Amino acid sequence: MRRTRHRTTRTALVATAALSLVLSASLAASAAAPVADDGGRATDALGASGSPAAQDLAAALTWSDEFDGPAGSAPNAANWNHETGGGGWGNNELQTYVNSRNNSALDGNGNLVITARQEGGGYTSARLTTKGKVQPQYGRLEARIKIPRGQGIWPAFWMLGGQFPGTPWPDAGEIDIMENIGREPHIVHGTLHGPGYSGGNPITGQYMHPQGWSFADDFHTFAIDWNPNSITWPVDGNAYQTFTPANTNGNPWVYNQPFFFILNVAVGGNWPGYPDGSTQFPQQMVVDYVRVYDSQGGGGGRTGRITASNGICLDVAGANTANGTPIQLANCNNNTAQQWTVGTDGTVRALGKCLDVSGGGTAAGTPVQLWECNGTGAQQWAAVSGSQALRNPQSGRCLQPVGRVQNDGTRTEIANCDGSTVQRWTLP
């Protein structure tokens, strides 16, 4: 598909000094409560786990923004920059990007909402980037998004090479994870722009909704599986295209470097065309989360004791291997029920099974148990640097003993993360 567009040439584009990303596991928590299937495991509303490990990828969550916070608050400034201004953004777009809570704010339900508005004889919207703050290289990169709709509306979840603008576009590289133009409500596009293949001549493909429905009708998960010599685009876990250096026709493959994220909603432009009488405002892009998983690790890891802050051990009750066996604290005794493998796939395993949040629950007080490893979000854990907490990203809550009592035989649960000593764990 040809299109004359160039997203990044505006001279006033804000440039922050490039920083290397130190991927942190200290952020996470899906705001959308999972639904339990007949087996009691956690799934999302589409029936597929939000964890890529449950689909086709053994991966450890290394960074996320779950957009938790009070309604009307700004997105986390530790992760996101606001790029502002008008001028068409190289595509003859109509909107002016502003840093206003009317255009970008948390909704209080675990979502970021980017709103395009018609006001003052023009249009306002928001464009957020992680430039200089979060710049991953490789892995499963995904966002769960409900896109806006309407002629002339252009939502996107995309990336630019971390050396931009010092290295100009397109040499810096661009990865479009998801773009939609309002006149094609049932189609999303995935694209690469680089030296020799950019603007109206990119490397690109598209994915049509399996039922032909509008992508604006519900949330969908848009992702890339990014490796040194390939990038694959899944939508809701369904991979629809893979590009490799062979697709550049001898031009440089510029995707072996850190990239930063961009979320925006444009109004008008050369490719989508312009709003007409059918276009309704305001239009909102609702983002449930953005996540980065490390796909390079596999399921190995470090094995040994996990100890609480008072030195007592994390233990499988009775060394029982049955599904549903409670996880407790116990005096350290060197048996196999206290030998835990902290996996590079995000699991914590003992006796051949996984540390699991019962029923895939997300509420504070949900018990923690041993369960057959199944790749769901109920079995994903992230060590929080600094506080030494062990956090379940799906719920956003941390492992602690029931009643906050560190005694022999005390069972464990998930609870609100508070940085306290009873949530502090020493891992192998």
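FYI, it's all coordinate maths here, none of it is from the lab. Since the model is a prediction, treat every value here as computed from it, not as a measurement. When we count neighbours, we look across all protein chains shown, and the Cβ atoms used for this are built from the backbone with ideal geometry, even at glycine.
A compact table of results
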| read-out | value |
| --- | --- |
| Rg/Rg_ref, the stretch 134-268, where Rg_ref = 2.2 N^0.38 Å and atoms are Cα | 1.01 |
| Net dipole in debye of the stretch 92-242 [+1 Lys, Arg Cβ; -1 Asp, Glu Cβ; about Cα centre; nearest 20] | 340 |
| Amide N proximity, the stretch 388-404 versus residue 421 label position 7 Å along Cα-to-Cβ, cut-off under 15 Å | 388, 401, 404 |
| Alpha-carbon gyration tensor eigenvalues x 5, square-rooted, for the stretch 189-230, Å | 25, 14, 8 |
| Quarter of Cα convex hull surface for the stretch 301-426, i.e. mean projection, nm² | 6.4 |
| Cα gyration tensor category, rounded, prolate or oblate, for the stretch 235-279 with a/c compared to 1.5 | prolate |
| Per-peptide average of other Cβ atoms within 10 Å, ordering 273-283, 65-75, 221-231 highest first | 221-231, 65-75, 273-283 |
| Anisotropy class of the stretch 70-110 from Cα gyration tensor, a/c 1.5 cut | prolate |
| Chain lengthening between residue 333 and residue 310 when straightened (0.36 nm per residue, less Cα-Cα) | 6.8 nm |
| Cβ crowding within 10 Å averaged over residues, with 209-220, 320-331, 181-192 ranked highest first | 181-192, 320-331, 209-220 |
| Cβ-based exposure ranking for 197, 240, in which fewest neighbours within 10 Å come first | 240, 197 |
| Full-stretch length increase - residue 206, residue 407 - with 0.36 nm per residue and alpha-carbon distance subtracted | 66.7 nm |
